[in-house]
Amino acid sequence: MADVPVPFLDLQRINERHRAAYQAALSRVLDSGRVLLGEETAAFEREFAAWCGTSHCVGVGNGFDALHLVLRAWGIGAGDEVIVPSHTFIATWLAVSEVGAVPVPVEPAPEGCNIDPARVEAAITPRTRAIIAVHLYGRPAPMRELSEIARRHGLKLLEDAAQAHGAQLGGRPCGSLGDAAAFSFYPGKNLGALGDGGAVTTNDLALAERVRRIANYGSSVKYQHELAGVNSRLDELQAAFLRERLRVLDADNAHRRRVAQAYLAGLAGLPGLTLPAGDEADRISAWHLFVVRHTHRDALAELLAARGVSTLVHYPLPIHRQGAYADTLLSQQSLPLADAWAREALSLPIGPTLTDKEVGSVLAAVRGACAELSLP
Ligand SMILES: *Cc1c(COP(=O)(O)O)cnc(C)c1O
């Protein structure tokens, strides 16, 4: 048993750090008299665009909306195909389905969690309109290779950066590496609100304006609706909270990186355990999750739980096997690498408030459990 139980992610501890600032933010919004489409959201959009190195940011209701609003703004819909990773959170696929297009899954590279650019070209058909690259677990996807393929075939390239606030590729932040990017501010993400939130970042002014209009009932002038839009807006209060969180995001990510380095050094060479790839000079993860693989994953999770260490599985059932796609041809696809991830992946505790002591408890527990599992 660990001296103290180690939570997977202690949101209460994270929020407690900001109690005074959040209360001040609430007062600011109350004093302003505006709860939507006001100065806090505009300021957050400016600050987050600058942080991502893009010229535009549009706050929306959540990460899922950010994804499908971009697809819709590009005119992608029925009859179109969009290439997606076979292994990701289901929102990536559902965003494609939401606009009436078909997600076309491509397996990850054998040695990594992200989409394999070498397999993308074989999945392109005359109906393909876009590729969605997911920086899964915070690790940047192979954007150089994907951009080259997208350019050659005239496809749009959308980043699903919901797990990658602060990840960098070649010195540039994720969120600035494709034609547009979708972020989520779900509370558990590296940059989390006190509720739902999301954003689109892009250097394309026309796209930013179109997303903003679609997300505001198709209107840019009150009560004039140029198109049949939806309601998906980031509100003033969440924007004010996010501005506070954004101030500490670099420090939070640096802390996550130190935890990841401690895990990589302290868990190397354990029997049956595969560790995630570490950072390289030009590929830096946001370390949203620290995902190991083990052939006896469920037994490992149980032994860790018995030692007081909480873990989660991201994600236990592959998307092509979900009920959501049971009535489609996608359910008949053979995606053995996505299956293997669902069978073997285990996420260890990581977060901006994890203490050295807790990291030590995780290391001891994983070492003990792996030794136990390797006994004949
Ligand atoms: C969280 C997440 C989303 C969806 O974000 P929400 O804000 O929950 O809608 C999309 N894609 C990935 C990869 C995610 O992790």
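So in region 74-85, with the set limited to residues that are over 15 Å from Glu159 (Cα atoms) and in contact (Cβ under 8 Å) with a residue 12 or more places away in the chain, which one is farthest from the ligand (Cβ to nearest atom)?
Gly79
Just checking: which of the helices (runs of 4 or more DSSP H) contained wholly in region 267-376 hold 1 or more residues that are closer than 30 Å to Gly170 by Cα and over 17 Å from the mean Cα position of the chain (by Cα)?
In region 267-376, 336-344, 356-373 are the helices (runs of 4 or more DSSP H) which contain 1 or more residues that are closer than 30 Å to Gly170 by Cα and over 17 Å from the mean Cα position of the chain (by Cα).
Against the condition within 16 Å of the ligand (Cβ to nearest atom), crowded, with 17+ Cβ neighbours inside 10 Å, among the hydroxyl-bearing types (Ser, Thr, Tyr) and within 24 Å of Ile14 (Cα to Cα), how does Ser361 come out, does it pass? Give the derivation first.
Values: within 16 Å of the ligand (Cβ to nearest atom): no; crowded, with 17+ Cβ neighbours inside 10 Å: yes; among the hydroxyl-bearing types (Ser, Thr, Tyr): yes; within 24 Å of Ile14 (Cα to Cα): yes.
No.
Any idea which residue in region 113-126 is surrounded by the most Cβ atoms within 10 Å (Cβ to Cβ), counting only those that are touching a helix residue (DSSP H, G or I) at 6+ places or on another chain (Cβ under 9 Å) and more than 10 Å from Leu337 (Cα to Cα)?
Only one residue fits best here, namely Ile115.
Which of the residues that make up region 197-237 are touching a strand residue (DSSP E or B) at 6+ places or on another chain (Cβ under 8 Å) and within 16 Å of the ligand (Cβ to nearest atom)?
Residues satisfying the conditions are Gly197, Gly198, Ala199, Val200, Thr201, Val211, Ala215, Asn231, Ser232, Arg233, Leu234.
Scan region 43-70 for residues that are crowded, with 23+ Cβ neighbours inside 10 Å and of a type in the set (Gly, Ala, Ser) and report the count.
The number of residues fulfilling the criteria is 3.
Could you please give the count of residues in region 49-73 that are assigned to a loop (DSSP other than H, G, I, E, B) and near the ligand (Cβ under 10 Å from one of its atoms)?
Filtering region 49-73 for residues assigned to a loop (DSSP other than H, G, I, E, B) gives 53-55, 61-62.
With near the ligand (Cβ under 10 Å from one of its atoms) added as a condition, the list becomes 61-62.
So the answer is 2.
For residues that are under 18 Å from Ser374 (Cα atoms) and buried (at least 17 other Cβ atoms within 10 Å of the Cβ), tally how many sit in region 249-271.
Total satisfying the criteria: 2.
So which residues in region 155-191 are within 9 Å of the ligand (Cβ to nearest atom), under 22 Å from Val96 (Cβ atoms) and either touching a Ser or Thr at 6+ places or on another chain (Cβ under 9 Å) or among the small types (Gly, Ala, Ser) (or both)?
Asp160, Ala161, Ala162, Gln163, Ala164, Ala182, Phe183, Ser184
Rule-based calculations on the coordinates, nothing more; no lab input. None of these values were measured; they are calculated from a predicted model. Here the Cβ is made from the backbone with ideal geometry for all residues, glycine too, and neighbour counts use every protein chain on show.
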